[in-house]
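The values are calculated or read from the model by the stated rules, or taken from the named source; none is laboratory data. None of the values given here were measured: they were computed from a predicted structure. No Cβ is skipped: glycine too gets one built from the backbone with ideal geometry, and neighbour counts run over all protein chains shown. Just the protein is used for accessible areas: all its heavy atoms, side chains included, with ligands, DNA and RNA removed. Shrake-Rupley method; radii C 1.70, N 1.55, O 1.52, S 1.80 Å.
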Amino acid sequence: MIRQLTLEKHLQRYSETVTQGLAVAAAVDAIAVAAVEIAELTGRGALSETSGLATGRNSDGDLQRDLDVQADAILRRCLGKLPIAAFASEEMREVEIGAREARICVAIDPLDGSSNIDINMTVGTIFSILPAPDDLDLAFAQRGTAQLAAGFVTYGPQTSLVLTLGDGVDIFTFDRAAGCFRLARRGVRIPDTADEFAINASNRRHWDPPVRAFIDECLAGADGPASRDFNMRWIGSLVAEAYRILTRGGVFLYPSDARPGYGDGRLRLVYEAHPIAFIVEQAGGVASTGRERILDLAAHSLHQRVPLIMGSSGEVRRVEQLHCDPLPAVSAPLFAQRGFFRL
Ligand code: AFP
């Protein structure tokens, strides 16, 4: 029975089969240990000394909450015991060079979705593990295809670790009674088509025409070119959206938009889009900017943002098609009279 397979056993088998296997397995294990401590911290909510309220801004100007800082410290403590050549975090301005002879580099978003902490919403840790290049200044300038492993942990009803080691996607759920992560789902696959889209619809007036056209098709439902009705979700937590899409398919869009500072969207390439894209592709989905494959991109700066459209291949490919062959400009009469989306 798959439930008997623990994360520890899974990593042990992997470490015996791949060149950097031992280093990668040790890093994933350290992240899992940190995740249990972070789950305990986030699970205490208002009972803990940490408030979840904003205490400042990180190096890239995002609101930083004390839980962001605490989660970062827990992960750095657990990973700090390992030989890691270069380490990067959303909460750190620069890359930290570590053991130069080490074989791997690690990038993390310690607590994605932390703006949801005070409303008791699922948040998570995202991680990307890369080979150590000869020039460590280029550690996080590698294409996403260079990743050796990636995943995320959800701190919600379940503490679950979603992991790819380059050979499919598995989900391990923390068994509180046993004190270990057990295999809950093996070889996760994203359905090729789905009827659920996720986007922050309040930004519609700022979107580029192809994104508007795609969302208008979803809203037109059975009356429009998609010939079927859609449902909408927007959680405001990338890890929760990704977990839902891994569970029942769908498409997530955080596109570039016309707001100041959102010309490349909101999500970071190195420690959000790259790892999520690796997971999505390994589960049979697609992850794109709307024009390019996310995993083909290499960052020119550590906190570089990138538009992210990911999920079921059918829907993501439709968004790409609308970017490549834009529909003729119309005054979108479909919604002028409906009122839901006025021009
Ligand atoms: P926080 O970590 O600041 O809460 O941001 C979460 C996030 O990066 C991603 O997880 C969400 O999908 C997205 O932002 C939500 O962005 P909006 O608040 O603009 O909808």
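For the chain, go through all pairs of different Cα atoms, get the mean of 1/r, take its inverse, and jot down that Kirkwood value in Å.
Result for the chain, one decimal place: 20.5 Å.
Can you tell me the 0 to 90 degree angle between the C-alpha axis of helix 21-43 and the longest principal axis of the chain, rounded to 10?
70 degrees
Out of the DSSP beta bridges found with both residues in the chain, what percent are antiparallel (nearest 5)?
80 percent
On average, how much accessible surface per residue is there in the stretch 196-324, in Å², for a 1.4 Å probe, leaving out ligands, DNA and RNA?
It amounts to 34 Å² per residue over the stretch 196-324.
Positive end of the dipole of the stretch 2-185, charges at C-beta (+1 Lys, Arg; -1 Asp, Glu), about the Cα centre: which of Thr17, Gln4, Gly113 has its Cα farthest in that direction?
Highest projection toward the positive end goes to Gln4.
Taking the Cα centre as origin and putting +1 on Lys and Arg beta-carbons and -1 on Asp and Glu beta-carbons, what dipole magnitude results for the stretch 2-185, to the nearest 20 debye?
Around 620 debye, computed over the stretch 2-185.
Rounding to the nearest 20 debye, state how big the charge dipole of the stretch 196-324 is about its Cα centre with +1 on each Lys and Arg Cβ and -1 on each Asp and Glu Cβ.
Here the stretch 196-324 has a charge dipole of around 240 debye.
Name the shape class, rounded, prolate or oblate, that the alpha-carbon gyration tensor gives for the stretch 201-307, where a ≥ b ≥ c are the square roots of its eigenvalues, rounded holds for a/c under 1.5, and otherwise prolate holds if a/b is larger than b/c and oblate otherwise.
In terms of gyration-tensor shape, oblate.
Between His323, Tyr254, Phe197, whose Cα lies farthest towards the positive end of the dipole of the stretch 196-324 when Lys and Arg beta carbons carry +1 and Asp and Glu beta carbons carry -1, centred on the Cα centre?
It is Tyr254, whose Cα lies furthest towards the positive end.
For labels at Arg100 and Arg205 in the simple 7 Å Cα→Cβ model, what's the distance in nm?
If labels sit at Arg100 and Arg205, their model points lie 5.5 nm apart.
Given charges of +1 on the Cβ of Lys and Arg and -1 on the Cβ of Asp and Glu, with all other atoms neutral, how large is the dipole of the stretch 233-277 about its Cα centre, in debye to the nearest 20?
160 debye
Could you let me know the centre-to-centre spacing of the stretch 203-219 and the stretch 149-171, using Cα atoms, in angstrom?
Measuring centre to centre over Cα atoms gives 31 Å.
Just order 190-198, 15-23, 144-152 by mean Cβ neighbour count inside 10 Å, highest at the front, would you?
Highest to lowest by the protection proxy: 144-152, 190-198, 15-23.
How large, in percent, is the carbon and sulfur part of the accessible surface of the chain at a probe radius of 1.4 Å?
Accessible surface attributable to carbon and sulfur in the chain totals 50 percent.
Taking the mean number of other Cβ atoms within 10 Å as a proxy for protection, how do you rank 78-85, 311-318, 171-178 from highest to lowest?
311-318, 78-85, 171-178
Which residue, His303, Ala277, Ile245, has the largest displacement toward the positive end of the dipole of the chain when charges sit on each Cβ (Lys, Arg +1; Asp, Glu -1)?
Ile245
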